Amino acid sequence: MKSYQLRIAQVFRVEREMVVAVEAADLQAAIDLQSESDAPAFDDPSWRSTWSLESEEVSSAQRPSRSL
C-alpha cells in the first residue's frame with residue numbers, strides 16, 4: 001500500500017462568556033456601562049469557552065501541479 005499526505009481542516013465555533021459585577025443605578029444602566037467599556041482581558045481566567053465543531057474537510061495535502 002502507498003502512503004498519502006492528507007490535510008484535515010476543522011472549523012470551530014467558540015462562544016466565550018463570563019459574569020462581571022458592574023455598579024450602576026439599575027440593570028439597564030449596568031448593561032449600557034459595560035457595553036460602552038472594553039471587555040475583560042482575553043486571557044482573564046474568568047472566561048469560560050464552549051467549542052463546537054462546525055465542519056471538517058479532508059483533502060490532499062499536495063498542491064496540484066500547474067501546467068505552463
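Throughout, read-outs are computed from the coordinates displayed, never taken from laboratory work. Note that this is a predicted model, so its numbers are computed, not measured. Methodologically, a virtual Cβ is constructed for each residue, glycine included, from the backbone with ideal geometry; neighbour enumeration extends over all protein chains shown.
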To the nearest 0.05, the calculated FRET efficiency linking ALA25 and GLU54 through their beta-carbon distance, R0 being 35 Å, is 0.30
Only Cα pairs within less than 10 Å get springs; with that Gaussian network setup on the chain, which residue of SER46, SER35, SER55 has the largest fluctuation? SER35
Looking at the chain, what % of the alpha carbon pairs are farther apart than 20 Å? 60
In degrees, nearest 10, the alpha-carbon axis of helix 27-36 is tilted away from the dominant principal axis of the alpha carbons of the chain by 50
Give a quick list of chymotrypsin sites (Phe, Trp or Tyr not before Pro) in the chain that DSSP marks as loop, anything other than H, G, I, E or B, with at most 16 other Cβ atoms within 10 Å. TYR4, PHE42, TRP47
For the chain, with +1 on Lys and Arg beta carbons and -1 on Asp and Glu, the positive-most of ALA24, TYR4, ALA39 along the dipole: TYR4
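Only Lys, Arg, Asp and Glu count, each charged at its Cβ (+1, +1, -1, -1), so figure out the dipole size of the chain about its Cα centre, rounded to 20 debye.
On the way: 7 positive and 12 negative charges, 220 e Å.
About 1060 debye.
So which trypsin sites (Lys or Arg not before Pro) in the chain are both in a DSSP loop and have at most 13 other Cβ atoms within 10 Å of their Cβ? Let's see the in-between values first.
Working: sites: LYS2, ARG7, ARG13, ARG16, ARG48, ARG66; in loops: LYS2, ARG66.
Of the trypsin sites (Lys or Arg not before Pro), the ones in loops of the chain whose Cβ has at most 13 other Cβ atoms within 10 Å are LYS2, ARG66.
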